[in-house]
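Participant: This is the structure I want to talk about, given as structure tokens.
Read-outs throughout are calculated quantities, based only on the coordinates presented, and are distinct from any laboratory measurement. Small disclaimer: the values here were computed from a predicted structure and weren't measured. Positions of Cβ are generated from backbone atoms using ideal geometry, with glycine treated the same way; all protein chains shown enter the neighbour counts.
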Amino acid sequence: MSQVRMPAADSSALDDEVLITRVASRDSSALEQLYDRYARIVYATALRMLGNAELAEDIVQETFWRVWRRSASFAIGRGQVAGWIFGIAHNLCIDELRRQRSRPTTAQNEYEEQAMLDQPDVQSDVVGAAIERERRRIILQALAQIPPEQREVLELAYFRGLSQSEIAQRLNSPIGTVKTRTRLALQKMRDLLHNQKIGADDLHD
Amino acid sequence: MSAPMTLSNCDEILELIPAFVLGALDADEAARVAAHITNCPRCRAEAESFRDVVGLLPYASGALTPPPRVKRQLFARIAAAHDDASTTTAPASHPMAMPRSTRPGRWVLPAFAAMLALIIGLGTATFEARGRAEQFAAQLAFNQQTLRSMERQIAEVRQTATAVEAQLLASVRELDETRLQLAKSQQEIQALRTSERQDEQLVSFIAAPQTVSRPLETTERAPDEASARMFMQPGHNRLVLMVYGLKSAEPGKMYRLWLAKGNQPIAIGVVTVGPDGVAEFVVDAPEPMDAYDQVMITLDEVDAAAQPSEEVIFEANL
């Protein structure tokens with residue numbers, strides 16, 4: 001399996017941890033670099049989860065606003081900057097989904113989502129685009145290697161923001177089964193990534 | 001649906017961790033796991049082991065550049081919030097980014113920036129509020145857990161204190177008893193020492209070369225096995241008397257020692273006979289022993305007068 005580590009295009013391509021440290025010292029140009037690196041993923045994920053471009057835009061802005069505000073609380077060495085940013089975005093999306101679900105209104109617009117993803121899109125930064133593609137390939141490959149029923153609970157939990165009991169209801173399965181599938185799915189994915197020797201450093205350098 | 005919160009054990013938490021890292025737990029369960037992994041390195045490590053997987057999942061959605069206005073609004077908001085901060089720098093130029101003039105920076109009019117921030121801020125206020133509510137819920141759960149754990153500790157400490165107090169009381173009682181025992185032992189030692197001293201005196205007196213001894217005669221009132229011997233030194237007042245084979249005096253009676261000059265008897269003292277029938281009697285007479293003509297031991301009433309009774313047990317002429 002090939003290494004995920006990507007060579008830096010030039011000296012200006014700074015390490016995420018350096019950038020977040022600069023953000024913490026109120027350097028907005030560092031935040032801009034992180035934005036350029038990860039806003040595309042956040043936006044695509046928010047679109048997939050919420051199926052609404054306007055809401056997805058709000059999520060992107062709110063996510064990076066929180067990165068700006070909370071950068072000082074990011075502990076270097078305790079995780080990847082990208083994972084941290086995605087975590088913030090994901091929590092915001094989940095909150096939005098749960099809020100929507102508590103109001104009996106808008107159904108997801110799957111058509112709109114699909115249309116959005118079909119749009120041609122170009123990442124301006126060549127190296128950044130290569131890293132994005134590689135990471136996408138890795139996760140899709142890992143997802144393809146777990147059983148469909150495990151993939152399904154992962155999708156419902158992560159991208160649909162459903163709780164374990166909600167998933168059980170939707171799939172008409174016992175909650176224990178849902179819990180087991182969730183655990184097995186994550187464990188298998190973790191093992192697959194580790195077997196590919198894709199450690200934290202490789203992924204996020 | 002929210003069950004009363006109990007102290008989570010690791011097995012239960014480990015079951016919940018996969019759903020937790022995926023954000024698929026109910027708020028109260030998520031708060032419970034969050035509180036637990038704050039304090040439990042093992043469960044925290046388990047949660048972190050899934051970080052790479054969860055960190056890569058968003059890439060499955062592909063990538064899509066958000067409309068330029070998103071970035072513009074974001075940096076306008078930042079510029080407004082930190083308008084007066086000297087460390088704020090303008091966004092760096094980027095190869096294919098928007099023209100510089102369209103992006104807000106330090107040159108944005110403060111009033112405009114503030115208004116923009118207000119408009120944007122209103123839209124995001126609910127996000128902020130929800131985020132804070134979550135934090136408070138997690139904090140509350142954690143605090144409740146800490147409180148319960150402290151209450152348990154206090155109860156344990158109280159129990160220990162009660163036990164220690166009881167033990168202390170018992171120890172004090174034992175100490176008191178020991179003190180009493182010690183006092184008694186000291187008295188006994190004192191008595192032994194006194195008697196030892198007397199014995200020493202007795203022995204040294206009896207063993208002295210100038211000491212003379214003579215037996216006392218028994219009368220018909222004395223028991224058959226009774227005998228008595230006296231020791232004295234010429235020119236000295238001391239008289240030592242050893243008596244054997246006498247019964248202890250009955251209640252209301254006592255043995256008395258008399259010395260007589262001519263027909264004048266003088267009461268010298270009471271002779272106490274032990275249960276073994278032995279009496280040792282040491283006394284210093286008012287005058288040297290040479291001054292007396294006769295010695296005798298009588299059995300008298302306790303409240304007897306100054307005269308010896310008729311009941312003479314031993315006698316000797318000196």
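Participant: What does the charge count around residue B:292 come to, taking other residues whose C-beta lies under 15 Å from its C-beta (Lys +1, Arg +1, Asp -1, Glu -1)? Please list the in-between numbers first.
Facilitator: Details: positive: B:214, B:238, B:261; negative: B:284, B:287, B:290, B:293, B:315.
Once positives and negatives cancel, what remains is -2.
Participant: Rank-order B:9-21, B:277-289 by packing density, defined as the average count of other C-beta atoms within 10 Å over each peptide's residues, highest first.
Facilitator: Values: B:9-21: 19.0, B:277-289: 15.1.
Highest to lowest by the protection proxy: B:9-21, B:277-289.
Participant: Oh, and also: Can you find, among A:163, A:144, A:194, the residue sitting farthest towards the positive end of the charge dipole of the stretch A:123-205, where Lys and Arg contribute +1 and Asp and Glu -1 at Cβ?
Facilitator: Of A:163, A:144, A:194, it is A:163.
Participant: Still on this structure: Taking the Cβ of residue B:190 as the centre, find all other residues whose Cβ is under 14 Å away and add up their charges (Lys, Arg: +1; Asp, Glu: -1).
Facilitator: After counting each charged neighbour, the total is +1.
Participant: For B:156, B:48, A:32, what ranking results if the residue with the fewest other Cβ atoms within 10 Å of its Cβ goes first?
Facilitator: In increasing order of surrounding Cβ atoms, one gets B:156, B:48, A:32.
Participant: Additional query: Please average, across the residues of B:66-79, the number of beta carbons from any other chain that are within 10 Å of each residue's own beta carbon, and give a whole number.
Facilitator: Values: counts 14, 6, 0, 2, 11, 7, 1, 5, 13, 7, 0, 5, 8, 1.
Mean shielding by partner chains, rounded to a whole number: 6.
Participant: Suppose R0 equals 41 Å. What FRET efficiency, 1/(1 + (r/R0)^6) with r the Cβ-Cβ distance, do residue B:304 and residue B:178 give to the nearest 0.05?
Facilitator: Using R0 = 41 Å, I get an efficiency of 0.35.
Participant: Give the average, rounded to an integer, of partner chain Cβ atoms located within 10 angstrom of each Cβ in A:137-143.
Facilitator: Mean partner-chain Cβ count within 10 Å for A:137-143: 4.
Participant: Take A:127, B:295 and order them by how many other Cβ atoms sit within 10 Å, fewest up front.
Facilitator: Details: A:127 15, B:295 25.
Sorted ascending by nearby Cβ count, the order is A:127, B:295.
Participant: Another question, then. With θ set to phi - 60°, apply the Karplus curve 6.51 cos²θ - 1.76 cosθ + 1.60 along the stretch B:135-146 and write out the HN-Hα couplings as whole Hz, x wherever there is a Gly or Pro.
Facilitator: The phi angles translate into 4, 5, 4, 5, 4, 4, 4, 5, 4, 4, 5, 4 Hz.
Participant: Less than 22 Å apart at the alpha-carbon level, and either on another chain or at least 8 residues along: which lysines does that give for residue A:179?
Facilitator: In chain and number order, the partners are A:188.
Participant: Then there is this: Within a 10 angstrom radius of each residue's Cβ in B:18-31, how many Cβ atoms of other chains show up on average? Whole number is fine. Walk me through the intermediate numbers first.
Facilitator: Numbers: counts 14, 10, 0, 5, 15, 12, 17, 4, 5, 2, 0, 3, 1, 0.
Average neighbour count from other chains, rounded to a whole number: 6.
Participant: Then there's this: Mind giving me the FRET efficiency for residue A:169 and residue B:169? R0 is 56 Å, r the Cβ-Cβ distance, nearest 0.05 is fine.
Facilitator: The calculated FRET efficiency here is 0.35.
Participant: For the stretch B:212-317, which semi-axes, largest first and in whole Å, follow from the square roots of 5 times the eigenvalues of its Cα gyration tensor?
Facilitator: Numbers: eigenvalues 84, 51, 30 Å².
Listed largest to smallest, the semi-axes of the stretch B:212-317 are 21, 16, 12 Å.
Participant: Could you line up A:194, B:36, B:236 from fewest to most neighbouring Cβ atoms inside 10 Å?
Facilitator: Result, fewest neighbours first: A:194, B:236, B:36.
Participant: When only C-alpha pairs under 8 Å and at least 6 residues apart count, what is the relative contact order of the stretch A:123-205, in percent?
Facilitator: Relative contact order comes out at 29 percent.
Participant: Please report, in debye to the nearest 20, how large the charge dipole of the stretch B:148-265 is about its Cα centre when each Lys and Arg carries +1 at its beta carbon and each Asp and Glu carries -1 there.
Facilitator: It comes to approximately 380 debye.
Participant: Here's a follow-up. Please state the charge dipole magnitude for the stretch B:212-317, taken about the Cα centre, from unit charges on C-beta atoms (+1 on K and R, -1 on D and E), reported in debye and rounded to the nearest 20.
Facilitator: Roughly 280 debye for the stretch B:212-317.
Participant: Taking H placed 1.01 Å from N in the peptide plane, check which residues at least 5 places from residue B:268 or on another chain put their amide H under 5 Å from its amide H.
Facilitator: Here the answer is B:257, B:258, B:259, since their amide H atoms fall under 5 Å of that of residue B:268.
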